[in-house]
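Beneath this line is the structure, given in structure tokens, with notes to follow.
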């Protein structure tokens, strides 16, 4: 049946990830043409499809290596769009907190750089800490764009995100080969 074939690359979770990847240029266009309200709507849609693709993949046992990689690419694209949106629409809110924001971006980029250098592709660990960080970041972006900037929530997001990036970096340094769906450092050490 279309959409529920576990072995096919054309299943519902992958279609949702493809959507996020294909929407990237359009959402970027919304940012560059100063359409903040439309940007926020599509950012929220992307965040919801991110939640749905993982939930559907787990619920219907459709988790695959291809799907994990595709989801990671779509996740990175969504993060890039959210950060670009912040820079275009909310930079004044972030100015007093620029150091912590740049530190967050540094660790995020470091996870990508290490993975590309060591493994020649993006990591798709799907760590629990990263999943929680993504939920926190998603809620933060929605609150930021729909309501306001709340420094306490911002710093909670930043600290959790940096801790998750550090766990990712530690696993990348420890592991000789890239693994998908590692869960976390505890499980990586347990499986050694």
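Restricting 134, 123 to those that are part of a loop (DSSP other than H, G, I, E, B) and buried (at least 17 other Cβ atoms within 10 Å of the Cβ) reduces the list to 123. Considering the stretch 136-147 alone, what residues qualify as being in contact with a helix residue (DSSP H, G or I) (Cβ under 9 Å, 6 or more places away or on another chain) and free of Cβ contacts under 8 Å to residues at least 24 places away in the same chain? Matches in the stretch 136-147: 139, 140, 143. Does residue 98 satisfy the criteria of being under 20 Å from the mean Cα position of the chain (by Cα) and either crowded, with 20+ Cβ neighbours inside 10 Å or within 25 Å of residue 157 (Cβ to Cβ) (or both)? Spelling it out, it is not the case that residue 98 is under 20 Å from the mean Cα position of the chain (by Cα) and either crowded, with 20+ Cβ neighbours inside 10 Å or within 25 Å of residue 157 (Cβ to Cβ) (or both).
Can you tell me how many residues within the stretch 148-167 are in contact (Cβ under 8 Å) with a residue 40 or more places away in the chain and assigned to a helix (DSSP H, G or I)? Residues that pass the stated criteria total 9.
Just one of (1) crowded, with 19+ Cβ neighbours inside 10 Å; (2) within 19 Å of residue 181 (Cβ to Cβ) fails for residue 85. It is (2).
Here 170, 117 are screened, and the one residue that is closer than 20 Å to residue 107 by Cα, exposed (fewer than 14 other Cβ atoms within 10 Å of the Cβ), free of Cβ contacts under 8 Å to residues at least 60 places away in the same chain and out of contact with any helix residue (DSSP H, G or I) (no Cβ under 9 Å at 6 or more places or on another chain) is 117.
Since every read-out is calculated from the coordinates, none of them should be taken as a lab result. Keep in mind that what you see is a predicted model, and the values were worked out from it rather than measured. For neighbour counting, all protein chains shown are included, and Cβ atoms are generated from backbone atoms with ideal geometry for every residue, glycine included.
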